[in-house]
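Only one structure is covered here, and it is reproduced in the block below.
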Amino acid sequence: MSDFPGTARVVIIGGGAVGASALYHLAKAGWTDCVLLEKNELTAGSTWHAAGNVPTFSASWSIMNMQRYSTELYRKLGKEVDYPMNYHVTGSVRLSHSKERMQEFERAAGMGRYQGMALDICSVDDLKDHYPFLETHDLSGGLYDPNDGDIDPAQLTQALAKGARDLGCKIFRFTPAIGIQREKDEWIVRTEKGEIRCEYVVNAAGYYAQRVAEWFKPFGGRTLPMMVMSHQYLLSEEIPEIEAWNKEVGHKLPLLRDVDSSYYLRQEKYGLNLGPYENTCKAAWLTEGDPMPEDFSFQLYPDDLDRIEWHIEDAMARVPLLGKAGISKVINGPIPYTPDGNPLIGPMPGVPNAFEACVFTFGIAQGGGAGKVLAEWLTEGQTEWDMWSCDPRRFTDYTDQDYCNQKGMEVYGNEYAMHFPYHEWPAGRDKKISSIHKKVVELGGVMGAYNGWERANWFAKPGDNTSLESTHTWNRNGPWEKRIKEECEAVRDKCGVLSLPGFARFILKGDGASEFLRGFCTGGLPKIGRMNLIYVSDKRGRILSEMSCIRLEEDSFILITAATAQWHDRELINRVIPDGILFEDITKTQDTLIITGPKSRDVLSKISQANLSSGWLTHQSAIIAGKSVYLLRVSFAGELGWEIHASNEDMPIIYQSVLDNGAVPFGMYALNSLRLEKGYRGWKGDLSTDYSMFEGGLDRFVKLDKPQDFIGKAALLNEKQQGSNKKFVTLLVNSEQFDAPYMSTIWKDGNIVGETTSGGWGYRVNASIALGMIKTELAFEQSTVEVEIYGKKYNAVVQKD
Ligand SMILES: Cc1cc2nc3c(=O)[nH]c(=O)nc-3n(C[C@H](O)[C@H](O)[C@H](O)COP(=O)(O)OP(=O)(O)OC[C@H]3O[C@@H](n4cnc5c(N)ncnc54)[C@H](O)[C@@H]3O)c2cc1C
């Protein structure tokens, strides 16, 4: 083919809604030398058979951002690129069967309001007004979203493709990518029509993404964490009553979601489209005997209505009109799932200049926003919104296929479930356990998973209710509350011990290591024998990473970061570290205990000769219970304390001796409460790329006068001169039962003035605490605001800095 290009700046593999959106957004950003390869016709993957629902609702701030952006784009896209577009903004109603569900709606409505969307809480009567054909006797209310609707997925993809082509990008259909190579700093993407040399490659291959990812393994890649579910919807025959109603009122029925019964029901022409997310779900292509076919373009699975019989009956009881019509068509197609149900958008872990925009469960609703995010990753190396919820690096080496399968099915079967704050999902557990795991469980540990590592959230006593059902509440009050209080009090009055496996840790050493770090982080380095926190910012001076930096020698360091940050921070350093400096991930060989509280020195002195009078932020080698350890004089709990770092083999003896000498085990929930009281920030809640270093109150970790030109310095210099718009604060919130979830709105005199980044009960101060960001002019001690929690506003007072 004569016009087949030998080079391009970017090659996107996959021409579904997402690949086309990525191409369109790259073109809009001025990167027009980009090529999209599609093995069949555009839309041949999941896109062609999607129902096309485009909700904005999400329990996640960043996903809501992405979906909101999609709706804004889809409204104007047809006109902008001159392509016909069937986009019906019908609005939607979500039904609630419980007070907990109403609280979830209140929370989403609050986030939506903050993002400029008028999501509306409905009474049962309001629901009837929106949707007259509804049975409402067992409902407690609902949520109306005026921005919801449906779009023709094929038209959407074609419109995005046209927009990209018009700006100069190229699309090659019936041109599968068949492999890749790397030469110097270039990728070579192979096709049967020829090779394309390019700077960047994007895997947008939908449910084929794992297959494409295999090609990247020789260049540092991993098995892509995903599986495929079979999802079906059925279309009813036309229903005369719906046609008559449409004609009478002049618009379609809103989309209906009975989330507690787990299905959507949408008007399609004058009939209905029913799509359940059934608990009795079916994964596809799971076994060796049932492999994914080489090509499944424009194909479907056989109908399987038995699986969704309950939902069909439930929907017919809810909207009896549905029962009057026969079924005209069933669509049963593949949807890819990651282990948490969010897509992969961003840098491909371990591989230079390769990106992912794949494994979308709601790729039509999210496609618009995803294209924007992906294009930003490529053109700017950072994104406008913090997109950790979709970052491929959030999954590390624990996501084997069995885990992906279990989690994918769990997410699918609970697609509309509420995500309660004290609930841990049960599938795919025990992926990484410490050498003292058994002991922690014996002590009553009620476990949670952190980057695959099992840690105790709290310690139950005999008779405590540890059932999953007990966690189905937004209320802080549950069987755990009494125990968390006791654990916090033990840390406040005596000595507590927390097992913290999975802390990500790296060795960094060699000539030039300190100079490298100075240019890498925003602040200063500790002196030899000491440690401190270092931060990395992005080009806009926003908070990218936080690490504990332990200095052993002039050019020898250990860096410790959050368990979930392991691959993120490893990549951050790997991509810029000069040759000759050793950088090694030793996360798996070592384990950590936090021993903290006023009596922790007494406990340690009984089992160690270590220098326990050395000051805050010092470190030393020591022997505890006859075992070599590394002791750091810090405590995230805000009391006298040490971190004990030791090898996995030695930890059982050390843990036992700490317990034998009076330390009380405490869990992650207590730690969270203790750190909130001290205003200590957590990564990717309080510390994210949604905020600059100065907004985050991290001024003392920024050295603008150092000679090194660290990333973000220019932006931070500018912000220093102009002043920051927002400021980090700790708030005491006057709420009795509920603590502020992430991204709760902060109000002052009827105006939105900020948002919370985390919240919880402080058992030492006996008050609800929220950390968050508010307008700088309100960020002073005793300043009064209101925090909206599940729809209710509570008075709150800013605490001393
Ligand atoms: C029944 C059903 C209903 C759904 N309803 C909705 C809905 O209402 N709303 C919603 O948001 N989502 C819905 N979805 C999900 C939605 O279909 C997907 O999330 C979305 O289509 C994913 O788009 P994509 O571009 O990521 O992937 P795909 O559409 O699968 O595109 C990937 C493309 O990559 C191509 N490709 C693969 N390998 C190669 C290669 N080596 N070289 C070149 N090309 C390659 C494939 O041919 C394919 O065209 C539904 C899914 C199903 C099954």
Would you calculate the separation in nanometres between label points at Thr280 and Lys720, each defined as 7 Å from the Cα along the Cα-to-beta-carbon direction? 6.6 nm
Filtered hits (lysines, Cα-Cα < 21 Å from Lys527, offset >= 8 within chain) -> Lys509, Lys703, Lys706
Name the long-range amide H neighbours of Gly697: under 5 Å, sequence gap of 5 or more, or other chain; modelled H, no Pro or chain starts. Phe728
Compute the distance in nm between two label points, each set 7 Å from the Cα along the Cα-to-Cβ direction, one at Lys217 and one at Thr466. 3.8 nm
12 Å Cα-Cα reach of Lys162 towards aspartates and glutamates, excluding residues that sit fewer than 8 places from it in its own chain: Glu80, Asp82
Check: segment 336-494 dipole with +1 on Lys, Arg Cβ and -1 on Asp, Glu Cβ, in debye: 500 debye
Residues meeting the amide H criterion for Thr90 (H placed from the backbone, H to H distance under 5 Å, 5 or more places apart or on another chain) are Gly149, Asp150
Accessible area per residue, Å², the chain with all protein chains present, probe 1.4 Å: 38 Å²
Step through the residues of segment 61-67 one at a time and calculate ³J(HN,Hα) from phi using the Karplus curve (6.51 cos²θ - 1.76 cosθ + 1.60, θ = phi - 60°), rounding each to whole Hz and writing x for Gly and Pro. 4, 6, 5, 4, 4, 5, 5
Pop the C-beta distance of Gln737 and Asp3 into the FRET formula with R0 = 45 Å and round what comes out to the nearest 0.05. 0.10
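Would you mind calculating the gained length between Asp660 and Asp166 on full extension (0.36 nm times residue separation, minus the Cα-Cα distance), in nm to one decimal?
On the way: separation 494, 0.36 × 494 = 177.84 nm, distance 7.27 nm.
Full-extension gain reported as 170.6 nm.
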Going residue by residue through segment 473-484, the Karplus relation 6.51 cos²θ - 1.76 cosθ + 1.60 with θ = phi - 60° gives ³J(HN,Hα) values, rounded to whole Hz and with x marking Gly or Pro, of 7, 8, 6, 5, 6, x, x, 6, 4, 4, 6, 4
If amide H atoms are modeled at 1.01 Å from N in the peptide plane, then the residues at a separation of 5 or more from Gly754, or on another chain, having amide H under 5 Å from its own are Ile746
Simple Cβ-charge dipole of the chain, Lys/Arg +1 and Asp/Glu -1, about Cα centre, in debye nearest 20: 2160 debye
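When you count, for each residue, the other Cβ atoms within 10 Å and take the mean per peptide, how do 785-797, 148-160 rank with the highest first?
148-160, 785-797
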Between the Cα axis of helix 668-678 and the main Cα principal axis of the chain, the angle (0 to 90°, nearest 10) is 70 degrees
Work out the charge dipole of the chain with +1 on the Cβ of Lys and Arg and -1 on the Cβ of Asp and Glu about the Cα centre, then indicate which of Ile595, Pro132, Thr361 is farthest towards its positive end. Ile595
Cβ-Cβ FRET estimate between Met292 and Glu781, R0 fixed at 60 Å, reported to 0.05: 0.50
Go through segment 304-319 residue by residue and turn each phi into a ³J(HN,Hα) via Karplus (6.51, -1.76, 1.60, θ = phi - 60°); whole Hz please, and just put x for glycine and proline. 8, 6, 4, 4, 10, 4, 4, 5, 4, 5, 4, 5, 5, 6, 6, 10
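Over segment 458-596, what percent of the accessible surface lies on carbon and sulfur atoms, probe 1.4 Å? Don't skip to the end; give the middle numbers.
Numbers: 2650 of 5230 Å².
Its accessible area is 51 percent carbon and sulfur atoms.
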So Glu515 and Glu195, fully extended at 0.36 nm per residue minus their Cα-Cα distance, gain in nm 111.1 nm
Within segment 717-801, what whole-number % of the accessible surface is contributed by carbon and sulfur, with the 1.4 Å probe and all protein chains included in the calculation? 45 percent
Highest mean first, what order results for 469-480, 292-303 on Cβ atoms within 10 Å? 469-480, 292-303
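Suppose R0 equals 41 Å. What FRET efficiency, 1/(1 + (r/R0)^6) with r the Cβ-Cβ distance, do Val441 and Glu41 give to the nearest 0.05?
0.15
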Point-to-point label distance, Glu80-Ile327, nm (Cα→Cβ direction, 7 Å offset): 3.9 nm
Which is farthest toward the positive dipole end of segment 487-574 among Cys488, Pro501, Gly524, measuring Cα position about the Cα centre, with Cβ charges +1 (Lys, Arg) and -1 (Asp, Glu)? Gly524
Once you order the gyration tensor axes a ≥ b ≥ c over the Cα atoms, which shape class does segment 736-801 get: rounded for a/c under 1.5, otherwise prolate or oblate by comparing a/b with b/c? oblate
Positive dipole terminus of segment 701-801, leading residue within Gln722, Gly712, Gly772 (C-beta point charges): Gly712
Sequence ranges 725-733, 395-403, ranked by mean other-Cβ count within 10 angstrom, highest first: 725-733, 395-403
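The values are calculated or read from the model by the stated rules, or taken from the named source; none is laboratory data. Since the structure is predicted, the reported quantities are computational estimates derived from the model, not experimental observations. No Cβ is skipped: glycine too gets one built from the backbone with ideal geometry, and neighbour counts run over all protein chains shown. Keep in mind that these areas ignore ligands, DNA and RNA; they rest on the heavy atoms of the full protein, side chains included. Shrake-Rupley method; radii C 1.70, N 1.55, O 1.52, S 1.80 Å.
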